[in-house]
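The values are calculated or read from the model by the stated rules, or taken from the named source; none is laboratory data. Note that the structure is a prediction, hence the values are computed from the model and not measured. In this analysis, Cβ positions are derived from the backbone assuming ideal geometry, glycine residues included, and neighbour counts consider all displayed protein chains. Surface accessibility is based on the protein's heavy atoms, side chains included, excluding ligands, DNA and RNA. Shrake-Rupley method; radii C 1.70, N 1.55, O 1.52, S 1.80 Å.
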Amino acid sequence: MEITHIEHIGIAVKSIEEHLPYYEGVLGLKCYNIETVEDQKVKTAFFKVGQTKIELLEPTDETSTVAKFIEKRGEGIHHIAYATSNVNEALAEAEAKGIRLIDKQGRPGAEGLTIGFLHPKFTGGVLTEFCEE
Ligand code: CMX
């Protein structure tokens with residue numbers, strides 16, 4: 001696979017609104033998109049930092065995997081997403097190399113991207129996402 005850059009870093013928060021003053025007022029970043037991803041049960045807020053984005057993830061209900069994460073581990077870094085030209089090929093290659101997949105195939109994510117996750121138990125404890133434009 002060819003990974004070109006870190007597409008985004010996902011950060012789990014209880015409330016996007018509560019954290020906007022830090023990202024905008026302290027770091028001086030601009031929130032350019034807020035979007036709900038029904039499939040993932042999250043509301044997302046995006047900030048650009050060069051080529052990479054920060055994605056705040058707020059659970060939309062208590063069954064969201066992000067709600068479970070916050071309950072167990074608290075707010076904080078949730079995943080790292082790598083940009084690649086072909087998510088399905090990257091997933092297949094990772095699986096062939098012994099990494100357990102969460103997604104066998106790419107699926108729709110925020111910002112019109114196709115996304116697919118690798119299980120954190122097989123990636124040194126970091127939930128890892130591949131993204132394709
Ligand atoms: N990073 C690192 N480890 C994580 C993790 C994360 N984000 N989320 C869960 N884990 C760990 C747990 O701590 C747990 O470890 P222990 O067994 O040592 O306690 C283990 O993984 C299993 O986790 P769990 O709490 O039992 O939770 P689930 O198995 O129900 O779900 C996971 C874990 C990663 C499979 C699930 O969160 C998932 O499918 N994630 C992919 C989808 C996703 O995260 N969507 C939200 C973002 C969408 C977007 O970016 O738009």
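So is Ala110 within 17 Å of Met1 (Cα to Cα) and open to solvent by less than 50 Å² (accessible area, probe 1.4 Å) or not? Break it down into steps so the answer makes sense when it comes.
Values: within 17 Å of Met1 (Cα to Cα): no; open to solvent by less than 50 Å² (accessible area, probe 1.4 Å): yes.
No; evaluated as a whole, the condition is false for this residue.
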For region 18-60, enumerate the residues that are over 27 Å from Thr84 (Cβ atoms), loosely packed, with under 13 Cβ neighbours inside 10 Å and among the acidic types (Asp, Glu).
Glu18
Note on region 61-75: residues more than 9 Å from the ligand (Cβ to nearest atom) and open to solvent by less than 70 Å² (accessible area, probe 1.4 Å) are Asp61, Ala67, Ile70, Gly74
If I ask for residues that are open to solvent by less than 80 Å² (accessible area, probe 1.4 Å) and among the polar types (S, T, N, Q), which ones from region 76-107 would you list?
Thr84, Asn86, Asn88
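So in region 113-133, with the set limited to residues that are assigned to a loop (DSSP other than H, G, I, E, B) and surrounded by 18 or more Cβ atoms within 10 Å (Cβ to Cβ), which one is modelled with the highest pLDDT? Outline the logic, then answer.
First pass over region 113-133, keeping only residues assigned to a loop (DSSP other than H, G, I, E, B): 113, 119, 123-127, 133.
Still in the list and also surrounded by 18 or more Cβ atoms within 10 Å (Cβ to Cβ): 113, 127.
Working: Leu113: 94, Leu127: 98.
By that ranking, first place goes to Leu127.
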Kindly indicate whether Ala83 is at pLDDT 95 or above and of a type in the set (A, V, I, L, M, F, W, C).
yes
Within region 101-133, track down each residue that is near the ligand (Cβ under 9 Å from one of its atoms), touching a helix residue (DSSP H, G or I) at 6+ places or on another chain (Cβ under 7 Å) and more than 12 Å from Ala81 (Cα to Cα).
Asp103
Enumeration of residues in region 35-77 that are on the phi > 0 side of the Ramachandran plot and more than 14 Å from the chain's Cα centre (by Cα):
Gly50, Gly74
